[in-house]
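A.B. asks: Following this message is one structure expressed as structure tokens.
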Amino acid sequence: MKRDLSGTPEPDLPHPPELHATGLRLGYDGTIVVDGLDLAVPTGRITVIIGGNACGKSTLLQSLARLLTPRGGAVHLDGRSIHGMPTRQVARRIGILPQSPVAPAGLTVIDLVTRGRSPYQTWWRQWSVEDERAVTGALTATGMLEHANRPIDALSGGQRQRAWIAMAIAQGTPVLLLDEPTTYLDLAHQIDVLDLVVDLNRRDGRTVVMVLHDINQAARYADHLIAMKAGRIVRQGHPAEVVTAELIEEVFDLDCQVGVCPVSDAPMIIPMGRHHGARTPNLAVR
Amino acid sequence: MTFLETSTAAGRTTFRLARPAVSGVLALRPIAVGTLLAAVTFAAFCVSVADGRIQIPLTDVVPALFGHGDPGTLLVVRELRLPRALTGLLVGAAFGLSGAVFQAMTGNPLASPDMIGVIAGAQTAVVAGIVLGFGAGLGTQTLGVVGALIAALVVYLLAWGRGTTGYRLVLVGVGVAWMCTSATDYLVARAMPYEARAAVGWLVGSLNERGWHHVRPLALAMAVLVPAVLLLGRWLGTLHLGDPVATALGTPVSYARIALLVTGVGLAAFGTAAAGPILFVALVSPQIAQRLAGRATPPPLISAVTGALIVLAGDLVSRIVLADARLPIGVVTGVLGAPVLLWLLVRANRTGSGG
């Protein structure tokens, strides 16, 4: 997008966001984790990043949300570098839920979700009509309306995660970044959260980028899958094209067979391990 | 839309004005608690003014505060009683507010200026002034503020330089506090007897012999710092969710934290300069205020009122109940505050929040 928005006021109506990174160089202290990475986030789709531990996937996500300042390169939102924009303005376009956030003991769900409105609030305007609509909407979408008055620390792990996601939803951003939103949840709650992400994408048209550990879930829920290793993108595209036995071998150093998920038609991997894999597989092998 | 809308949903009462476009959540319990505490504090203030060698009837105190009454009463109130009562009121409020800022910002109940070296820094600087002979009058105020700022800067650079956790801040702060305390002890040990006595007298924290020259600098500082805290307070609500979430919600984290740090340090420093380090007020007041108001984090204004009440009440206890012992206020708050600190430590470990 070549539009020059500098100096012009932000349009009120959300237009489809365009988020891309060029020549990203990221690191902490002395270590460089990502070097020379380019990425264009598909607008209006669910993008999932997978990769082994310490491959730089969370680092990349944090830099897309300006939580981490790049050592080189830039992240552009609608043609402007997000690190040069006022942080409040970015907060109206990009929402991010970091990994395992912690709320002060006793903070209620509705108070937390209301915090999601802070990019729009002023000292004197703390509960506008839009604030009320967004907070109620987020609580309803996550099924947390009935728990609105409970303290976060009294909730189950799944409810807690949904409360945080509700906060990010209330922020009303066209781009939503989620860093391992299913960590520490049991399988039923993992699927619950991922289905909610699909709702946010299909119903509200939000662009979603998330980091997931489970390759099969990633393949099932992603429109666009990115596989990372050692700070670079090994392959990206439709999950059916990305998830192959060779790629899993390359990215995760894991022997596996790739079949087809019987309920979603997404590719599904079966890891071999040292003690299994001698038998002929019953799965339809791609 | 009607002119004023109010609604009660999910246990919260909200209001919205059509014009000007003012809206918000009305926290009924904090408002009620705050009003009640303010009333009790005013009563304690009046008793503090009334009590002394010349007893003034309480019914005469309130008119005298507004300049009505016989000249003798007015003289006693204005020259003897008001400076002490006002110093107590303002110092308590400054400590309470300062503690609330630090605790709310870090989400850590132990991160209060008396724990993390800020007050200890002021202490060392003021004692150095007394011992080395340049710490009278305004010099005390200036030294206190400079000492507190230097200590805070050291803590900030060591603990907050890269990434922040409230726990790290407390550990570094305690280290800095001990260094300052050692320096203070060294200065007192090396001082001449007269200076040493003056320094020790100041070190316990006292409201005795306060004059208008103690009240004025503190009142001026608070006229600037209290509105600043209220304006910056909006950021406290996101900062205690952690740096990543606060940034995600559009808070300019570094700027907000430095601004809040400077106001919090300023309040603690001017308070210390006016009455010495009255221990535990900054630590305890926000915790009490938070529980009374039923909030998840310390509410700044109610913490300030609670701090004022604790100092005024503590002073009354030492003057009236323990009149024979002639204990300075700092000893009273120390004795009462230590168990609260223990309780906070035990509780913090149990919830696993690491302090």
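The values are calculated or read from the model by the stated rules, or taken from the named source; none is laboratory data. Computed from a prediction, not measured in an experiment: that's the story for all the values here. We place every Cβ from the backbone using ideal geometry, glycine too, and count neighbours over all the protein chains shown.
A.B. asks: Inside segment A:56-92, can you point out the residues that are of a type in the set (Lys, Arg) and either surrounded by fewer than 23 Cβ atoms within 10 Å (Cβ to Cβ) or within 7 Å of another protein chain (Cβ to nearest Cβ) (or both)?
C.D. replies: A:66, A:71, A:80, A:88, A:92 - these are the residues of segment A:56-92 that are of a type in the set (Lys, Arg) and either surrounded by fewer than 23 Cβ atoms within 10 Å (Cβ to Cβ) or within 7 Å of another protein chain (Cβ to nearest Cβ) (or both).
A.B. asks: Within segment B:285-315, count every residue that is in contact with a helix residue (DSSP H, G or I) (Cβ under 6 Å, 6 or more places away or on another chain) and assigned to a helix (DSSP H, G or I).
C.D. replies: Adding up the residues that qualify gives 21.
A.B. asks: On to the next question. Can you tell me how many residues in segment B:87-119 are under 14 Å from the mean Cα position of the chain (by Cα) and in a helix (DSSP H, G or I)?
C.D. replies: The total comes to 20.
A.B. asks: In addition: How many residues does segment B:223-241 hold that are within 11 Å of another protein chain (Cβ to nearest Cβ) and either on the phi > 0 side of the Ramachandran plot or of a type in the set (Val, Ile, Thr) (or both)?
C.D. replies: Looking only at that region, the number is 1.
A.B. asks: Give the residues of segment A:102-115 that are facing chain B (nearest Cβ under 7 Å), surrounded by 18 or more Cβ atoms within 10 Å (Cβ to Cβ) and outside any helix (DSSP H, G or I), sorted by residue number.
C.D. replies: Of everything in segment A:102-115, those that are facing chain B (nearest Cβ under 7 Å), surrounded by 18 or more Cβ atoms within 10 Å (Cβ to Cβ) and outside any helix (DSSP H, G or I) turn out to be A:103, A:104, A:107.
A.B. asks: So residue A:133 ticks every box in (1) in a helix (DSSP H, G or I); (2) touching a helix residue (DSSP H, G or I) at 6+ places or on another chain (Cβ under 9 Å) but one. Which box is left unticked?
C.D. replies: Unmet for residue A:133, out of (1) in a helix (DSSP H, G or I); (2) touching a helix residue (DSSP H, G or I) at 6+ places or on another chain (Cβ under 9 Å): (2).
A.B. asks: Picking from B:21, B:50, B:44, which residue would you name as being within 9 Å of chain A (Cβ to nearest Cβ) and small (Gly, Ala, Ser)?
C.D. replies: The conditions single out B:21.
A.B. asks: Would you say residue A:158 is assigned to a helix (DSSP H, G or I) and modelled with pLDDT under 90?
C.D. replies: When the stated conditions are applied, residue A:158 passes them.
A.B. asks: Scan segment B:128-151 and give yes if some residue there is at pLDDT 90 or above, of a type in the set (S, T, N, Q), under 19 Å from the mean Cα position of the chain (by Cα) and in a helix (DSSP H, G or I), otherwise no.
C.D. replies: Checking segment B:128-151: not a single residue is at pLDDT 90 or above, of a type in the set (S, T, N, Q), under 19 Å from the mean Cα position of the chain (by Cα) and in a helix (DSSP H, G or I).
A quick yes/no check of all residues on (1) assigned to a helix (DSSP H, G or I); (2) farther than 18 Å from residue A:27 by Cβ; (3) touching a helix residue (DSSP H, G or I) at 6+ places or on another chain (Cβ under 9 Å); (4) in contact (Cβ under 8 Å) with a residue 40 or more places away in the chain:
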position: A:66; (1), (2), (3), (4): no, no, yes, no
position: A:70; (1), (2), (3), (4): no, no, yes, yes
position: A:84; (1), (2), (3), (4): no, yes, no, no
position: A:92; (1), (2), (3), (4): no, yes, no, yes
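A.B. asks: Out of all the residues in segment A:55-97, which are more than 23 Å from residue A:235 (Cβ to Cβ), among the β-branched types (Val, Ile, Thr) and out of contact with any Asp or Glu (no Cβ under 8 Å at 6 or more places or on another chain)?
C.D. replies: Passing the criteria: A:69, A:82, A:87, A:90, A:94.
A.B. asks: On to the next question. Is there a residue being farther than 24 Å from residue A:153 by Cβ, more than 11 Å from chain A (Cβ to nearest Cβ) and touching a residue at least 60 places away in the same chain (Cβ under 8 Å) anywhere in segment B:283-300?
C.D. replies: Checked segment B:283-300: no residue is farther than 24 Å from residue A:153 by Cβ, more than 11 Å from chain A (Cβ to nearest Cβ) and touching a residue at least 60 places away in the same chain (Cβ under 8 Å).
Here is a yes/no grid of residues against (1) surrounded by 18 or more Cβ atoms within 10 Å (Cβ to Cβ); (2) hydrophobic (A, V, I, L, M, F, W, C); (3) over 19 Å from the mean Cα position of the chain (by Cα):
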| site | (1), (2), (3) |
| --- | --- |
| A:137 | no, no, yes |
| A:150 | no, no, yes |
| A:173 | yes, no, no |
| A:200 | yes, yes, no |
| A:208 | yes, yes, no |
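A.B. asks: Which of the residues spanning segment B:45-60 are under 26 Å from the mean Cα position of the chain (by Cα) and either of a type in the set (Ser, Thr, Tyr) or under 14 Å from residue B:321 (Cα atoms) (or both)?
C.D. replies: B:47, B:48, B:51, B:52
A.B. asks: For residues that are touching a Phe, Trp or Tyr at 6+ places or on another chain (Cβ under 8 Å) and facing another protein chain (nearest Cβ under 7 Å), scanning just segment A:116-131, find the one that is surrounded by the most Cβ atoms within 10 Å (Cβ to Cβ).
C.D. replies: My answer is A:127.
A.B. asks: Are any residues in segment B:44-61 aliphatic (A, V, I, L, M) and either surrounded by fewer than 14 Cβ atoms within 10 Å (Cβ to Cβ) or touching a residue at least 40 places away in the same chain (Cβ under 8 Å) (or both), and if so, which ones?
C.D. replies: Selection gives B:44, B:47, B:54, B:58.
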